[in-house]
């Protein structure tokens, strides 16, 4: 599947997906969205934004430290796969499995979903595109992204559940 994506010419998608992939570095996309939710969503929005960023933080600790070290999967060879140079983003030095970008994206969305389900639908679409962008740019295999999205969803749902429980325990 990685090779099929690399072999498919998509000149109109290459630049936007490369830019999105770069924008998702260090969760910049999700911090921006959290800021908007906090600014426009009142007290509930601020809580949701805090919970979602908490999910991203937990996800980063879990995925980028122990899981990547356990996975130790080498990054794809973009040169051998002939990934177009127009798609290239900087190749991360961390192991490929699982995708931290996909995990963070889905953790954020899963944490937003309980309190803002309509917004979560749109954010989930963005999370899918972020995940795909990592394969499109040649820095992840599809399996890295799929597993990252599942891990991120589980972490996001767990953090949202814990935040909801603690909110009600204080009342």
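The values are calculated or read from the model by the stated rules, or taken from the named source; none is laboratory data. The model shown is predicted, which means the values in this text are computed figures rather than measured ones. As a convention, Cβ positions derive from the backbone with ideal geometry for all residues, glycine included, and neighbour counts pool all protein chains shown.
Would you mind finding the one in 159, 139 that is assigned to a loop (DSSP other than H, G, I, E, B) and more than 11 Å from the chain's Cα centre (by Cα)?
Step by step, each of 159, 139 is checked, and only 139 is assigned to a loop (DSSP other than H, G, I, E, B) and more than 11 Å from the chain's Cα centre (by Cα).
Quick check: anything in region 37-57 without any contact (Cβ under 8 Å) to a residue 60 or more places away in the chain, within 14 Å of the chain's Cα centre (by Cα), surrounded by 21 or more Cβ atoms within 10 Å (Cβ to Cβ) and part of a helix (DSSP H, G or I)?
yes
When you go through (1) under 17 Å from residue 146 (Cα atoms); (2) modelled with pLDDT under 95; (3) within 19 Å of the chain's Cα centre (by Cα) one by one for residue 3, which number turns out not to apply?
(3)
Please work out if residue 154 is outside any loop (DSSP other than H, G, I, E, B) and closer than 18 Å to residue 24 by Cα.
No.
From the list 35, 54, 42, which residue is more than 13 Å from residue 107 (Cβ to Cβ) and in contact with a helix residue (DSSP H, G or I) (Cβ under 8 Å, 6 or more places away or on another chain)?
Answer to the check: 35.
Residue 150 passes all but one of (1) within 16 Å of the chain's Cα centre (by Cα); (2) over 19 Å from residue 46 (Cβ atoms); (3) buried (at least 19 other Cβ atoms within 10 Å of the Cβ); which number fails?
(3)
Looking at region 89-121, which of the residues that are touching a helix residue (DSSP H, G or I) at 6+ places or on another chain (Cβ under 7 Å) and more than 27 Å from residue 36 (Cβ to Cβ) is surrounded by the most Cβ atoms within 10 Å (Cβ to Cβ)?
So the residue we want is 98.
Being at pLDDT below 95, closer than 17 Å to residue 53 by Cβ and touching a helix residue (DSSP H, G or I) at 6+ places or on another chain (Cβ under 6 Å), is that true of even one residue in region 151-169?
Looking for residues that are at pLDDT below 95, closer than 17 Å to residue 53 by Cβ and touching a helix residue (DSSP H, G or I) at 6+ places or on another chain (Cβ under 6 Å), one finds at least one in region 151-169, hence yes.
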